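No value in this document is a laboratory result; all are computed from the given coordinates. What you are looking at is a predicted structure, and each value in this text was computed from that prediction instead of being measured. Cβ placement follows ideal geometry from the backbone for every residue including glycine, while neighbour counts extend to all protein chains displayed.
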Amino acid sequence: MNRWRITINSYFVYVTGFSLYCDYSRPPFVLPPSPSSSPSPFSAAAFTFTELSASTVTVHFLLHRYRHLEDKMANQDDTHDASGSRNNVEKEIKRGLTVMKSIIRARDKGEKFEVHWSAEDQLIEPNGSMLASYIGSLVRQHIPITCDNWRSPELKVGKEKIWSEIQRSFHIDESRQKYCIQLAGKRLRGFRSFLSNKLLKDEEGNFVEAERPMKYAEIISAEEWDNFVAKRRNEKFHEVSDKNRKRASKPAYPYKKRRTGYARLQQRILAEEKSDATSLPEHVLWKVARVGKDGAVVEAVQNVYDECETLSQTLPSTEVQDCRSVLSRVLNVPEYSGRVRGKGFGVTPSSFYKKPKTKNPTNKEVMETLAELRAQVLELQKENARYREERCAPRQKILVTELVSIVNRNFPR
């Protein structure tokens with residue numbers, strides 16, 4: 001920068017001296033004012049001359065443009081010095097805040113979007129991805145990023161606001177509230193991870209100093225950001241973060257469908273195949289989810305799929321439902337409770353395998369059951385007695401008649 005300025009200065013000194021030498025007999029001229037006070041480089045107020053030569057006009061024009069360029073470059077230097085340290089920490093974020101203008105416009109018109117669900121009660125198209133994105137936008141507005149426990153009673157008001165906003169824009173049944181709130185918690189965790197990885201960590205994964213991102217200033221206050229950063233610098237959080245990062249750093253079978261999800265992926269496959277089926281086996285969907293854009297299947301993924309196909313033909317279906325799925329057996333890895341491998345968010349073992357929930361009866365229920373059984377026993381006893389009476393009555397009548405006839409014959413009157 002300074003080197004370029006020295007070159008320009010030398011050039012203008014040479015041109016000015018040459019022009020003055022050529023016009024030594026001319027009256028002296030007055031230098032034009034700086035660009036800050038001059039309305040335009042071509043205005044009459046910018047120049048004050050008694051006589052002008054072609055060389056003098058050239059010098060004045062070049063001097064004016066040089067001063068304008070110099071002031072502009074100085075302003076750029078000041079801006080760069082003020083924001084340089086911030087730009088080094090806050091990396092470029094391509095996506096902005098999710099506003100969902102289409103939903104807002106439809107709501108203002110009194111219109112609502114229909115929501116569709118798969119056979120496993122998962123969000124699918126049309127409008128499935130729209131609702132999922134809208135839930136992510138709502139949770140960032142109504143739930144602070146500093147919350148540690150999603151089940152905390154303090155979040156009840158925020159969750160109710162999220163659900164009411166969803167119902168204002170979508171036709172959705174009350175039975176879907178649990179699914180939507182769980183999805184909101186998942187979206188919030190993803191947003192917190194995004195902030196940590198994008199702003200609080202460098203390329204090597206080390207924590208760095210970072211100011212509150214202005215892009216999210218409307219939804220994240222300065223105090224909330226400071227508390228969030230403090231929690232992210234906690235040693236306990238570092239231990240959990242390092243453990244999870246190591247576990248997820250080198251997945252054996254990486255998922256390659258980005259934001260599609262298992263539910264919408266299954267819907268797309270069934271639509272392409274024009275199948276009447278409502279769902280796909282777990283291992284089939286698991287394999288498709290690990291196929292890249294080139295369509296190539298990794299050998300390790302293909303081997304798992306082949307083993308699942310072989311096992312599914314030999315293993316009774318009742319044993320699969322009572323224990324672990326075919327895919328889980330072949331992978332032979334620890335499973336998380338409350339989920340089915342190869343089915344995605346929202347599918348639980350109880351809902352997928354349709355296992356009825358059993359619970360121990362209370363004392364009151366036991367006493368009521370015993371009373372009902374006693375009443376049934378008494379009723380059976382009464383019916384048995386009536387049956388015996390009805391069955392034995394004709395025979396007894398015959399015996400009495402025969403006995404009377406015998407007595408009359410032997411003991412005539």
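Data overview
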| read-out | value |
| --- | --- |
| Pairwise FRET efficiency - Glu365 versus Arg268, Cβ, R0 = 41 Å, nearest 0.05 | 0.30 |
| Point-charge dipole on Cβ atoms (K/R +1, D/E -1) for the stretch 261-352, about Cα centre, debye to 20 | 400 debye |
| Sorted by Cβ neighbour density within 10 Å, fewest at the top, the residues Cys147, Cys392, Cys308 | Cys392, Cys147, Cys308 |
| Exceeding the 31 Å Cα-Cα cut-off - candidates Lys156/Lys257; Lys186/Lys215; Lys159/Lys287; Lys201/Lys256; Lys198/Lys256 | Lys156/Lys257; Lys159/Lys287 |
| Asn149/Arg329 FRET efficiency (R0 45 Å; Cβ-Cβ; nearest 0.05) | 0.85 |
| Dipole of the stretch 101-249, positive direction: furthest Cα of Phe207, Ala248, Phe237, with charges on the beta-carbon | Ala248 |
| Net +/- balance of residues flanking Glu372 in space, Cβ distance below 12 Å, scoring K and R +1, D and E -1 | -2 |
| Vicinal HN-Hα couplings computed from phi for the stretch 130-138 (Karplus, 6.51 cos²θ - 1.76 cosθ + 1.60; Hz; Gly/Pro x) | 5, 5, 4, 5, 5, 4, x, 5, 5 |
| Per-q log10 I(q)/I(0), the stretch 101-249, q = 0.08, 0.09, 0.19 Å⁻¹ (Debye; single scatterer per alpha-carbon; no solvent) | -0.28, -0.35, -1.19 |
| Theoretical gain in end-to-end length, Ala385 to Glu211 [0.36 nm per residue, Cα-Cα removed] | 53.6 nm |
| Cα-Cα P(r), the stretch 261-352, percent of pairs per 10 Å interval | 15, 47, 35, 4 |
| 5 angstrom amide H check on Phe170, placed H, neighbours 5+ away | Phe113 |
| Residue-span extension gain [Glu372 to Leu315] - 0.36 nm each, minus C-alpha spacing | 16.3 nm |
